[in-house]
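Data block below; observations after.
The values are calculated or read from the model by the stated rules, or taken from the named source; none is laboratory data. Just so it is clear, the model here is predicted, and its values are computed rather than measured. Note: ideal-geometry Cβ built from the backbone for every residue, glycine included; neighbour counts use all protein chains shown. With ligands, DNA and RNA removed, areas are computed over all heavy atoms of the protein, side chains included. Shrake-Rupley method; radii C 1.70, N 1.55, O 1.52, S 1.80 Å.
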Amino acid sequence: MTRISKTRGLRAAAMALALFMAAGAALAQSSTTFKFGYGLQEDSNQGRAARLFAERVAQLSNGRLKMEPVGGAKLGSDDKMQGALVAGGQEMMVGSTATLVSLVKEMALWDAPFLFNNTDEADFLLDGAIGQQIMSKLPAKGLVGLVYWENGFRNLTNNKRPISRLDDFNGIKLRVMPNDTFIKAFKTLGADAQPLAFAELADALRTGKMDGQENPFNTILSSKFYESQKYLSITNHVYSPWIVLASKKWWDGLQKADQDALLKAAQESRDFERKDTREEARRALNQLTEKGMQVNVPTFGELSRMRNRMDRIYARDIGDKVGLSLLLEAQNQLMAYRQRPGR
C-alpha cells in the first residue's frame, strides 16, 4: 500500500470516529419534553412544588428530561388527566387519591374520616409499607405512582351558617369530590352532598348552585373561595393526600437512569411540598380571617358526634373497599406509632 493510500485510510478512519463520537454526543444530549398537569393555580402550593420538581428533573437527568408544568386544570380535571395517562396521551400529573378509587379500591383508605390526628401520622402511613402497598396496585391499571404530596386536612366552608353542631349540616348543598365515600360520609352527616369536578367549583359557589365545599385552608385561599363563602368551620374531618402519577406506557419507555432521576426528583418535591404546604396552611388561616371569613371550631363533643356517625362508613364502605385486613392493619400501625416513646 502506498503512503498516499495509508494517509487516506487514516483520514477516513478519523472522520468515521469523529462522526461516531458526534452521533453519540447528540444521542446523549437528546431530550424528552413532557407535561406535568395539576389542578390549582401556578401561585399555589401545587404550583411551587411543580416548579421545583421540574428544576430537579432537569438537573438530575443532565437535561435529558424537560418537564413542563401545566396548572389551573388546563389539561382537565383529575379524572380526565388520569384517563389521559392511562391512554398514553399525557405523561405525568399530580392529583387527588380520591378520584383513583374507581381504579384502585384500596385508595379509599385515604378517604377514611378522622383517620389521622396529625401530619406526622399521615407521613408515617403514606410513606411506609401500607402506602407503598396501595401504590403498587397502580401499574396494573396503566399508572405508576411515585410519591404522595400533601393537600392537607380538609375543612368546611359555606354561605349559610357556621357548622358548629352535627345538626347544622342539614340542608346544606355541599360540593364533594366525585368519590362514593365522600358522598356517603356527608349524606350520613345530613348534608345534601353533591359530586362536582374541582374545575367547576368556583362558578358553582358564585352562582349559588352549591352552598359550600370542603378543602384545606391553602386551597380555599388560592382558589379565592372567601369571595363567595362566609363561614369557615375547622373540622379537620379528612386528611387529603395528592399523588404524583406517571403514564405506565410512557414510563416503561424511559431509560432506567431517567426513571431513577424522576423518582429522586419526586421525593425531593414531596419533602418540599409538605413543608411548604404546612407553613402556608398556618398563614392561609390567618389570611382567610383577615379577608372576612367567620371562623369557628366545633366543640370536642360535637366533633365526637360527627366521628360516631362515621362508624357505619368505616364498616360498610371503607372496610368493604379496602378490605378489613388492610383497614385493621392501618389502624394497628397507627396505634403502635402513637404509643412510641417520646410521642
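Observations on the model:
- Each label point was placed 7 Å from the Cα along the Cα-to-Cβ direction; for Glu290 and Asn332 their separation is 4.9 nm.
- Dividing the summed helix terms, -39500 (n - 2.57) for each DSSP H run of n ≥ 4, by the number of residues in the chain produces a 222 nm estimate of -14500 deg cm²/dmol to the nearest 500.
- From phi via Karplus (6.51, -1.76, 1.60), per-residue ³J(HN,Hα) for region 108-123 in Hz, x at Gly/Pro: 5, 4, 6, 8, 4, x, 6, 6, 10, 8, 7, 6, 4, 5, 5, 4
- Counted charge near Asp127, where neighbours are those whose Cβ lies closer than 12 Å (Asp, Glu -1; Lys, Arg +1): -3
- By accessible area with a 1.4 Å probe, ligands and nucleic acids excluded, highest first: order of Trp242, Trp251: Trp251, Trp242
- Most to least accessible of Asp258, Asp320, Asp78, Asp120 (protein chains only, probe 1.4 Å): Asp320, Asp120, Asp78, Asp258
- The chain: angle of helix 324-338 to the longest principal axis, Cα-based, in degrees nearest 10: 90 degrees
- Rounded tilt (10° steps) of 45-60 against the dominant C-alpha axis of the chain: 20 degrees
- Estimated distance in nm for a label pair at Gln339 and Leu103, the labels positioned 7 Å out from Cα along Cα-to-Cβ: 3.8 nm
- Nearest-ten-degree value, helix 256-290 long axis tilted from longest Cα axis of the chain: 30 degrees
- Ordered by 1.4 Å accessible area with all protein chains kept, Asp192, Asp180 run largest first as Asp180, Asp192.
- Magnitude of the charge dipole for the chain, about its Cα centre and with charges confined to Cβ atoms of Lys, Arg (+1) and Asp, Glu (-1), is about 860 debye.
- Distance between the 7 Å Cα→Cβ label points at Lys74 and Lys264: 3.0 nm.
- DSSP assigns beta bridges within the chain; of those with both partners inside it, close to 60 percent run antiparallel.
- Among residues other than Glu302 with Cβ under 15 Å from its Cβ, the summed charge is +3 (Lys and Arg +1, Asp and Glu -1).
- Residues whose amide H comes within less than 5 Å of that of Met93, counting only those at least five positions distant or on another chain, are Gly37, Leu245 (H built at 1.01 Å from N in the peptide plane).
- In range of the label at Lys137: residues from region 64-106 whose backbone nitrogen is under 14 Å from the point 7 Å along Cα→Cβ: 97-106
- Translational diffusion of region 113-189, µm² s⁻¹ [Kirkwood Rh, Cα pairs; Stokes-Einstein; 25 °C; 0.890 mPa s]: 160 µm²/s
- FRET efficiency, 1/(1 + (r/R0)^6) with R0 51 Å, evaluated for Arg161 and Thr33 via beta carbons: 0.55
- Solvent-accessible area per residue, Å², over region 95-173 with all protein chains present [probe radius 1.4 Å]: 32 Å²
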